1. Hey, can you tell me all the residues within region B:41-88 that are of a type in the set (A, V, I, L, M, F, W, C), at pLDDT below 90 and not in a strand (DSSP E or B)?
2. Mind listing whichever residues of region B:53-89 are within 10 Å of chain A (Cβ to nearest Cβ) and either small (Gly, Ala, Ser) or touching a Pro at 6+ places or on another chain (Cβ under 6 Å) (or both)?
3. Counting just the residues of region A:96-125 that are assigned to a helix (DSSP H, G or I) and at the interface with chain B (Cβ under 8 Å from one of its Cβ atoms), which one comes out surrounded by the fewest Cβ atoms within 10 Å (Cβ to Cβ)?
4. As an exercise: evaluate A:Leu91 against (1) surrounded by 19 or more Cβ atoms within 10 Å (Cβ to Cβ); (2) modelled with pLDDT of 80 or more and give the number of the one condition it does not meet.
5. Going by the structure shown, is A:Ile147 under 15 Å from the mean Cα position of the chain (by Cα), open to solvent by less than 40 Å² (accessible area, probe 1.4 Å) and more than 30 Å from B:Gln108 (Cα to Cα)?
6. Do we find that A:Leu138 is touching a Gly at 6+ places or on another chain (Cβ under 6 Å) and more than 9 Å from every other protein chain (Cβ to nearest Cβ) in this structure?
7. Output the number of the condition that A:Ile193 fails; it satisfies all remaining conditions of (1) more than 9 Å from every other protein chain (Cβ to nearest Cβ); (2) in contact with a helix residue (DSSP H, G or I) (Cβ under 8 Å, 6 or more places away or on another chain); (3) at negative phi.
Amino acid sequence: MSAETTPPLHQIERLRSMLAETLGLSWIDFQFVQVPLYVTLNDVTTSDQVDHQVPADYDMLVFQIDPLLALNELGSATEEVQTATAGATGLGGARNRMLMKALNSKITLVDLDRKNVELLQMTDRQGGFDPTLCLASLMPMGGGGPIKFYDDEDLAPMILKRNTKIQLKAEWVQTAYGYGDTDIGIVLQALLIKAVGT
Amino acid sequence: MAAAQFSAADVLPREDRFIERLRSLLVEGRELSADILDARTIPLYVSLSSSTPAGERTFLVPNGFTLRLKGYRPHIRPANINSDTIVGGAGVWAPGSAYTILKSGDLQDRLLAYAMNCRIGFKSTFNELDYFDGGVMPLSNVGTFMGEGAKTFVGPNIIRGGTLLRLKASLKDSTAAISAAEYGIVLVGALVPENLR
């Protein structure tokens, strides 16, 4: 492509062409991806974790973190049943059940290769409280929204190097409310870029 | 003909700014390292109830690093989701019955009631300026309950290492029969070593 050629208008094509010219990489060396990290919890399995490894030849730049929550046993006669009682077991409606679980959640994401350093909820280790993420903070329904590490003026992604192993852990704050199987976790919006020397 | 070059004097459209910043990031940090530029979230919240209506939490920015603080999200997490005041009483509306705002509506309504009842202040010890200049912000204004909400600063706040960030949270109506919950914010930003610009 000559210098006089107008780059393609599509943002991704422009990104790839500019980065390729600068870094000497091919357009196939970039990939925007979404990484769903979640576990299935219920009344019995109240805590679980899942591991994920960044591809061997690519570094990952995480630009945004979205919530993930899905109720799995909608048709079961014994799960997600509303009864005319007080409290969580009496709460009906899909949005109510979804928000209830989001408010009742603890989420952590750690880097297993860096001595389990917290990727979310960094603290200065003074202690005194539970620094886990509440999923409702990432949901407009819960008053929050996706965590963005960029906007028009600023760009500061979370960087995960090639081969890095990360682990998501999710658990309920309170249990035994008649929860059916629920997928709960986060989605990473990221850019994979070919690592140097590969 | 020389290749087109972006410069600081250029007024770039939105997509080009994003692309240019990404390019400079990747060029400068070609060996991408989390030790150079690393985005993080930082929790600042306290547990409040009608018996403990106020509290504060601090975060010490580590020495040797600069925190580029861009935004924050609300944090409200009930200590016991089964508690009557957040999830609501039994049954459905009964004609002639009266319900307080804390016990009426869907769960999203009740969560909004919790948010409206909390006031937060956020301050830096470096310059003693309040990030909510003039005092306190209703937590309901931080989140998307009120449209977009005031959850992003227009530009990144640069906070030097050794600075103590302090969040204060209190219940506006501490006499309301309200169960224990965590209230506060989750900061969104990036840590950069001080020897890098």
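1. Scanning region B:41-88 gives B:Val61, B:Ile81, B:Ile86, B:Val87.
2. B:Gly55, B:Arg68, B:Lys70, B:Gly71, B:Ala79, B:Ser83, B:Ile86, B:Gly88, B:Gly89 - these are the residues of region B:53-89 that are within 10 Å of chain A (Cβ to nearest Cβ) and either small (Gly, Ala, Ser) or touching a Pro at 6+ places or on another chain (Cβ under 6 Å) (or both).
3. Residues of region A:96-125 that are assigned to a helix (DSSP H, G or I), as a first pass: A:96-103, A:112-114.
Filter again for at the interface with chain B (Cβ under 8 Å from one of its Cβ atoms), leaving A:96, A:99-100, A:103, A:114.
Numbers: A:Asn96: 20, A:Leu99: 24, A:Met100: 23, A:Leu103: 26, A:Arg114: 16.
The selected residue is A:Arg114.
4. Of the numbered conditions (1) surrounded by 19 or more Cβ atoms within 10 Å (Cβ to Cβ); (2) modelled with pLDDT of 80 or more, the odd one out for A:Leu91 is (2).
5. When the stated conditions are applied, A:Ile147 does not pass them.
6. Details: touching a Gly at 6+ places or on another chain (Cβ under 6 Å): yes; more than 9 Å from every other protein chain (Cβ to nearest Cβ): no.
So A:Leu138 does not fit the description; no.
7. (1)
The values are calculated or read from the model by the stated rules, or taken from the named source; none is laboratory data. Bear in mind that the values here come from a model prediction, so they are computed numbers and not experimental data. Cβ coordinates were reconstructed from backbone atoms using ideal geometry, including for glycine residues, and neighbour counts include every protein chain displayed. With ligands, DNA and RNA removed, areas are computed over all heavy atoms of the protein, side chains included. Shrake-Rupley method; radii C 1.70, N 1.55, O 1.52, S 1.80 Å.
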